[in-house]
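Okay, so here's the structure we're looking at.
The numbers here are math on the coordinates, done by the rules we state, and not lab data. Remember, it's a predicted structure, so these values are computed and weren't measured experimentally. All Cβ positions, glycine included, derive from the backbone under ideal geometry; neighbour counts span all protein chains shown.
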Protein chains: 2
Amino acid sequence: MSLNEFSLIERYFANIGSARYPAILSLGDDAAVVSVPEGMQAVMSIDTLISGVHFPESTPAADIACKALAVNLSDLAAMAATPAWFLLSLSLPDFDANWLQSFSEGLKQTAEQYQVELIGGDTCRGPLSVTVQVTGLVEVGRQLTRDGARVGDKILVSGVLGNASLGLAHLQQRTVLPESIKDLCLSALKRPVPRLELVDFLGRHASSAIDLSDGLVGDLGHILRRSRVGALIRQADLPVNHWIKQNEAYAHALNGGDDYELCFTLASKFWPAVVSWNLDNPDCLLTEIGEITDSNYTLIEGNQAIDLNDWHGYRHFD
Amino acid sequence: MSLNEFSLIERYFANIGSARYPAILSLGDDAAVVSVPEGMQAVMSIDTLISGVHFPESTPAADIACKALAVNLSDLAAMAATPAWFLLSLSLPDFDANWLQSFSEGLKQTAEQYQVELIGGDTCRGPLSVTVQVTGLVEVGRQLTRDGARVGDKILVSGVLGNASLGLAHLQQRTVLPESIKDLCLSALKRPVPRLELVDFLGRHASSAIDLSDGLVGDLGHILRRSRVGALIRQADLPVNHWIKQNEAYAHALNGGDDYELCFTLASKFWPAVVSWNLDNPDCLLTEIGEITDSNYTLIEGNQAIDLNDWHGYRHFD
C-alpha cells in the first residue's frame, strides 16, 4: 500500500480532539494558526517518547498515543494551564494501517477526554518515536512555576506514588506483583492520567508545582533549587499502595519515574481548601508529605534522617 | 562524564536566540509561557529530522541544528508569519560534549540570525533525531494559506531550484558535480535558508504560498488542490543553475526536495511589486514560472505539454 504523508495525515489525524478553543487554521497547511484570547498567555511544552526507551517495543499503539499526549498535558497541569492545542511529529519504521488506526484511536480518545485539539504535525519514516508539543492557556500572570515555594509551606502530592515504577519492574521481571495490584500498576505505567482536574485548585492555592516524571526526590529537588529552599519529607506519609508498605519498597515512590502525579507546595492557610478538595474528589486525593524548610533536603525514614542532596532521580545521561 | 538532562539543558541550551518577543518564562520549568501581542495570532509548525533519513549520519552537528530550525522557519515564511519562539526535542544515542557544543553553536547562530528564541524542550537517549516546534506571529487574519490561488494569478518561486537535490545526488555519488557549483549545491542541502525576508512582501501581495520541501511539482500540487484550480508551468522559465540547463536535469528542480524556497501565487496587478523587489533584493530573486488555470496541471517542456497530475513528488511512505 502506498500512501503519502498528506493522505496519511488526512486519513488518520483529521478531527482529533474537541475544540475548547477552536483553531483558526488546523491541519493541511504549512502551519497552524491559533488565537490566544485577550487576558491569556500561551503555555508550551514538548516531549518525545522513543520505542525501547520510554516504552517497550511491544506496547500497543493506542497506549503509546495516550501516553505521548498525557505526559505533555501533565506539564500543563503543573503550570496551572488549561490545554488548548497540540502538534504531533510521528516517526514510523514502516506504514502499518492497523498500527496507525490504533494509534489514531488512542490519540483521539485522550484528546477528547482533555478537550485538546490536534492542529498540525508531520510524519516520516524512521525509528518509532512520537513527539507531542502542547499549548495551553493561563490567565496573564497566573502561571504556576517552580520558584514560589516558601519556608513553612506544606508539600503535597496528588494520587498514589510508585505504581508506574512497580508496573515497569513487573514488566521487566524484576518484581512479581500480586494480581490484586498488577493491573493497577501496569495501567499507571501505560496510561498515565494528567491531573488536569487540579488546574483551577493549583492556580488559586499552590505556591509552586512540578509534575512527577523522573521521581519524587529528583523532581521536588527542582522546586527546591529554583525556590532556594530546603524540604523535609516523611516516608511514612507517602501515599503508596499496600504492597509497597508491606515490602518497604518505598524506592518506587521516592525514585521511580513515570507517575505523572503532581507535587506542589501551598501555604498552611490554604489547608482547609485541601480538606474540602479531598471530600469532593475521592479519585484525586491530595496528601501532605512534608514541609518546606530554609535549608537541607531530608527524608525521615523511621528514626533516621536521610540527606537527599546526594540522592539521584532518574537521569537520562548518567 | 555524567550529566543529567537538567544540567545538559543549562549548559548547552541556555540563552539561544535573541528575543524579538521576549518570553514570559523560558527554560527551566514544566513549560514555557509566552504572550501573544494584541491583534496578533500564533502560527505553529513542527518538523523532525532523523539521522540517516533527513541527513547523512556523518553530517556535522552544527549543520543538523541549523537545518532543523531552518525547515521550521521556512514553514512560517510560507504563512507570512514572523518567527518568535521555538521548542527543541533532542534524542541522542550518547552524551558527546563536542557534538553538543557544535550543535548548540549551530542552533545559536541560526536562532540569532532569525531572531527566534529557544524557550523549552527535552532531551533523551535514543536514535539521533531532532524535533523543532516553532511559533510565529501574524496580524489577525493576515496569515497566508494554500487555498487562495485564483485563475490568472502568476506562479512565482524564490531563489534557485534543484541545488539541494543536486547536492544530495553528489553526496550519494549518483552525480559528479563540477567544482564550480559543488559547494553551492552542498550548502543548499546542508544549510537551507528560510526565506523570511519575504514575509512582509508575501503578506501584502501573495494570494497563496507553500515552502518547497518535497519538490516543486508535488508542493505546488497542494496549492492547486486546496485552491481548486489548475496550473501551467514552463520548464524553460524555472530558475536553475547552468549545470541543470546544460544537462537538461530539470527533474532536480521539478521533483527534488529540500530547496526550502517559497512557491507562491500573486495577482497580475502586483507584478510591479515583483519587479521592484527584484531590483532591491538580488539575493532573493523572484521568478515567474507559470500561471494558475481553471483546471489541469501541465508542464510545458519544449513543444510538449506534460500532464503533472500523475507526477509524484517525494513521498515518505511510498
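Here are a few things to note about the model shown:
- DSSP bridge orientation in the stretch B:71-217 - percent antiparallel, rounded to nearest 5: 55
- Full-stretch length increase - A:Gln246, A:Ser7 - with 0.36 nm per residue and alpha-carbon distance subtracted: 80.7 nm
- Take the Cα of A:Ser18, step 7 Å toward its Cβ, do the same at B:Asp183, and the gap between the two points is 6.0 nm.
- On the beta carbon distance between A:Asp94 and A:Glu197, with R0 = 30 Å, the FRET formula returns roughly 0.20.
- Calculated [θ] (222 nm, deg cm²/dmol) that DSSP helices of n ≥ 4 give over chain A, each run adding -39,500 (n - 2.57): -10000 deg cm²/dmol
- Per-residue mean of C-beta atoms belonging to partner chains within 10 Å, peptide B:89-101: 2
- Pairwise label distance in nanometres, A:Lys269 with B:Arg204, each label 7 Å out on the Cα-Cβ vector: 5.6
- Ranking of B:Val140, B:Val132, A:Val199 by count of other Cβ atoms within 10 Å, fewest first: B:Val140, A:Val199, B:Val132
- Summary value for chain A: 21 percent relative contact order, contacts being C-alpha pairs under 8 angstrom separated by 6+ residues.
- Here the Gaussian network model covers chain B, with springs between Cα atoms less than 10 Å apart; of B:Gln172, B:Gln235, B:Gln115, B:Gln172 fluctuates the most.
- Starting from the label point of B:Pro60 at 7 Å along Cα→Cβ, the same points in the other copies fall at 4.9 nm, in ascending order.
- Across the stretch B:41-184, the relative contact order, built from alpha-carbon pairs under 8 Å that are at least six residues apart, equals 33 percent.
- Residue order, fewest to most surrounding Cβ atoms within 10 angstrom, among B:Leu118, A:Leu238: A:Leu238, B:Leu118
- Rounded to the nearest 20, the Cβ-based charge dipole of chain B about its Cα centre (Lys and Arg +1, Asp and Glu -1) stands at 440 debye.
- Within the stretch B:153-197: backbone nitrogen closer than 11 Å to the B:Glu139 label point (7 Å, Cα to C-beta): none
- Long-range Cα-Cα pairs in chain B (distance over 39 Å), rounded percent: 14
- Normalised contact order of the stretch B:154-310, rounded percent, pairs of Cα under 8 Å and 6 or more residues apart: 39
- Summary for B:Glu10: label point 7 Å along Cα→Cβ; distances to the equivalent points in the other copies, ascending, 5.0 nm.
- Farthest towards the positive end of the charge dipole of the protein assembly as shown, among the residues A:Leu279, B:Ala111, B:Gly215, is the Cα of A:Leu279, using unit charges on the Cβ of Lys, Arg, Asp and Glu.
- The mean number of Cβ atoms from other chains found within 10 Å of a Cβ in peptide B:114-127 is 4, as a whole number.
- The fewest-to-most ranking of B:Glu105, B:Glu179 by surrounding Cβ atoms within 10 Å reads B:Glu179, B:Glu105.
- Each Lys or Arg adds one and each Asp or Glu subtracts one; over the other residues with Cβ under 13 Å from the Cβ of B:Ala80, this totals -3.
- Here the dipole of the stretch A:63-113 is about 160 debye; that uses its Cα centre as origin and unit charges on the Cβ of Lys and Arg (positive) and Asp and Glu (negative).
- Binning all Cα-Cα separations of the protein assembly as shown at 20 Å, short to long from zero, yields these whole-percent fractions: 19, 51, 24, 6, 0.
- Computed over the stretch A:154-310, the range of Cα coordinates on each principal axis works out to 43, 36, 25 Å, biggest value leading.
- Cα-centred dipole magnitude for the protein assembly as shown, charges only on beta-carbon of K, R (+1) and D, E (-1), debye, nearest 20: 400
- Per-residue average of Cβ from other chains inside 10 Å of B:37-44: 6
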